1. Need pairs with beta-carbon distance below 7 Å; first residue under 17 Å from P118 (Cβ atoms) and within the range 63-77, second of a type outside the set (G, A, S); sequence gap 6+ or separate chains.
2. Please pick out the residue among L49, L43, L66, L33 that is hydrophobic (A, V, I, L, M, F, W, C), surrounded by 13 or more Cβ atoms within 10 Å (Cβ to Cβ), more than 30 Å from Q148 (Cα to Cα) and at pLDDT 85 or above.
3. Looking only at residues that are β-branched (V, I, T) and open to solvent by less than 100 Å² (accessible area, probe 1.4 Å) in the range 52-63, which one is farthest from L142 (Cα to Cα)?
4. Could you list, in sequence order, all residues of the range 308-322 that are open to solvent by 80 Å² or more (accessible area, probe 1.4 Å) and either touching a strand residue (DSSP E or B) at 6+ places or on another chain (Cβ under 8 Å) or among the β-branched types (V, I, T) (or both)?
5. Considering only residues that are open to solvent by 40 Å² or more (accessible area, probe 1.4 Å) and either in contact (Cβ under 8 Å) with a residue 12 or more places away in the chain or within 20 Å of I117 (Cα to Cα) (or both), which ones fall in the range 253-264?
6. Looking at S110, is it modelled with pLDDT under 90 and within 30 Å of G291 (Cβ to Cβ)?
7. Considering each of I278, I267 in turn, give the residue that is open to solvent by less than 50 Å² (accessible area, probe 1.4 Å) and either at pLDDT 85 or above or in a helix (DSSP H, G or I) (or both).
8. What are the residues in the range 238-260 that are basic (K, R) and over 23 Å from the mean Cα position of the chain (by Cα), if any?
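The values are calculated or read from the model by the stated rules, or taken from the named source; none is laboratory data. Computed from a predicted structure; not experimentally measured. Reconstructed Cβ throughout: ideal geometry from the backbone, glycine too, with neighbour counts over all protein chains shown. When the accessible area is computed, the model is the full protein with side chains, heavy atoms only, and any ligands, DNA or RNA have been set aside. Shrake-Rupley method; radii C 1.70, N 1.55, O 1.52, S 1.80 Å.
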Amino acid sequence: MSAPFGLICALTMLCAAVPLGAAPEDSDGELVLTLDDAVARALEHSVNLQKGRITLETREYASKRLWAEVFPTISATAGIGYQNIPLFTASGDRRMGGEYFNYSTSIGVSLSLSAGIPQRMKLLSLAYQQELLSYEDTRRLLEIATAQEFYALIAVKENLAQHEETLGLAERQLEKHRIGRANGLVSEAVLLQSRLTVETAKYDLSAARSAYSTRLGVFLNSLGLALETPVKLEGEFHIRRVAVDAEQLIRDYLPRRPDIEQQRQAIAKAELTERQNILDRRAPSLSLSLGWQGGSGSGGFTQPYADSIRGSATVSIPINPWIPGTRDAQNLRSDKSEIERALLDLKNTEDTAAAQIRSLAASLESSWESLEIARLREEIAGRSYEYSEQAFLNGSMEALALENSRNNLASARYQLLTSELNYQNLVLDLARAVNADWRQFSGGSL
């Protein structure tokens, strides 16, 4: 792809992953699932993609056999009959009769030619191009959606680790309080508060594990894996800043957005349909037919063989479409209106897409500012907790103040994790908005 976006995107995010292929297992028998593995499985398992592939193959088959539009209609018939004919005398007495078998065969070829056939062929080719674009867009959106869910699970997994660390801090603090209580240095109220903190941390960890398990199960189902499959997600956040110029992105990438290309194809389809209808309804059409018929005479197999050949050529000249106000004339007028509406839809789609890119670029910049604040807050909260713990051990701080300091640290870490995930999703949303391969964002250039 072209270089401008590489000059615009300074640095971006990375996700540790192994090359595509069968996901390996670790020493514990867990399935090691990387981002690329997850995307590959999602593409393979998607029912919508499978259905789209079937439709695409049907469209491709028709587009490569356009000669079928001018292929004549061929028919063949064969038949055999039985007939019993009685004969009577003048007085009405039956004297003799006859039994006869007869047969007939025929072959016919007919062909209808109209001036709109070339337009129908172009419409078939256009239908394939539309389906191909739709399939590729569906595939790309599925990849991005899978990547976003993978990163979300990584974030939840890191949040679990933070809950475990919080619980560990609380348990170590409880042990210190028990020792202090045994030596008469800590009150019973402080010890009870410490126990409450531990139980609260256990509850939060249990709830987080349950939420992670539920979300992971839904994700595994979308990949075609059983819910009970032991899985280890392998990946982490490496967030780096992405500086973008929205107007440059609009100039370079807006025309290649799938929705805009689809709207252009809708305009082309409306124009081809109008020309086809004009030629089909107003231009003369030619019908050719040729047939051969053979069979036995009335005497059955014993009669001489008789056959015949027939042929015809018919030219039809329509009149109604040339008369203003008739139903055919109104239909042709409606076709022109469809083109005008499609042009307006294209303008509206372009405006909406440009606004979306500008909005994402602005959100990306503000999100980075929030991320920097979250990082600074987490750093300050970490130092504050260290000082608070030391002050509590020295007897210059109460247990409740230490608890508040620990909660502030947990809140700051969670906010930082949420900010990183939001920034990650915004970058992927921007890749989708400019119709770029999201994998190339990891390289910092397009």
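1. S63/L124; S63/Y128; L66/M121; L66/L124; E69/I117; E69/R120; E69/M121; V70/I117
2. It is L66.
3. My answer is T58.
4. I309, R310, V315, I317, I319, listed by residue number.
5. Those that are open to solvent by 40 Å² or more (accessible area, probe 1.4 Å) and either in contact (Cβ under 8 Å) with a residue 12 or more places away in the chain or within 20 Å of I117 (Cα to Cα) (or both): R256, D259, E261, Q262, R264.
6. In short, yes.
7. Every option except I267 fails the conditions.
8. Across the range 238-260, the qualifying residues are R240, R241, R251.
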